[in-house]
Amino acid sequence: MTYTGEVEVGGPVDVQDAGDLEITKFAVGELANNVYVLRCTLTDERIIIDAADSPERILEVLDGAPVARIVTTHWHPDHWQGLGAVAEATGAETLAGATDAPHIEVATATPVTTGARVRVGSCELEVIEVAGHTEGSIVLAYDDPDGIVHLFTGDSLFPGGVGKTWSEEDFRTLIDEVETKIFGRYPDDTHFYPGHGNDSTLGAERPHLAEWRERGW
């Protein structure tokens, strides 16, 4: 089946082949948060990005498979409502941005900052701090064997714009960091996976950066 990235709460998972990494995406909770289960195809090790809600659904998708780590992209509660139960059931290590970690009610075993590496078996994801939506939001970057970069952007970047902010200052911070740390670094064929909704590529969104900045959201 061809991966589309279009998932809905209660619907089936969608699976993306990214070389040595298999990405399983599904939606949970009242806000239709995306959960990503990443599996190294060489070692079978798994991590979760955002155990957002509905721990029973997350555990159903795992189907008894072990999980090494759970990464939370930022402190907003809709991204970690399932974290405690899933971490307890799997024994997985918990990770989050060092600045946001104190705001997450489930203890973060390993706070991370820009440049940290999150392992998934033989694969590595690089941590990039992108402030604005929250002060300590993180993005995770994986460079697959074919040279395609896969970004897990939480609520910092969506198709059609950056994430929600609550002040002009926060918006300027976010748009600046998204432009310099993401669009300024990665090519157009980079695929990104947000915290809600559908995926996109940087090439599809890049022409609209000035429009986003002008409109202020």
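The numbers here are math on the coordinates, done by the rules we state, and not lab data. A quick note: this is a predicted structure, and the numbers were derived from the prediction, not measured. In this analysis, Cβ positions are derived from the backbone assuming ideal geometry, glycine residues included, and neighbour counts consider all displayed protein chains.
General remarks:
- Note on the stretch 14-215: dipole from Cβ charges, positive end direction compared against Ile175, Val130, Ala98; the farthest Cα belongs to Ala98.
- Whether the stretch 49-129 is rounded, prolate or oblate, judged on the alpha carbon gyration tensor where a/c under 1.5 counts as rounded: oblate
- The angle between the Cα long axis of helix 168-177 and the main principal axis of the chain comes to about 70°, on a 0 to 90 degree scale.
- Relative to the Cα centre, the charge distribution of the chain, modelled as +1 at Lys and Arg Cβ and -1 at Asp and Glu Cβ, gives a dipole magnitude of about 240 debye.
- Using Cβ point charges alone (K and R +1, D and E -1), the dipole size of the stretch 86-181 about the Cα centre works out to roughly 140 debye.
- Beta bridges per DSSP with both ends in the chain, % antiparallel, nearest 5: 70
- Note: relative contact order over the stretch 27-119, using C-alpha pairs below 8 Å and six or more positions apart, is 22 percent.
- Taking the number of Cβ atoms within 10 Å of each Cβ as an exposure proxy, the fewest-first ranking of Thr173, Thr4, Thr153 is Thr4, Thr173, Thr153.
- Computed [θ] at 222 nm, deg cm²/dmol, the chain (DSSP H ≥ 4; -39,500 (n - 2.57); rounded to nearest 500): -4500 deg cm²/dmol
- Anisotropy class of the stretch 1-89 from Cα gyration tensor, a/c 1.5 cut: oblate
- Charge dipole of the chain about the Cα centre (unit charges at C-beta), most positive-ward option of Gln81, Pro207, Thr108: Thr108
- Distant-in-sequence amide H partners of His196 (H built 1.01 Å from N, under 5 Å): Asn34
- Residue exposure proxy: Lys25, Lys181, ordered by other Cβ atoms within 10 angstrom of their Cβ from fewest to most, comes out as Lys181, Lys25.
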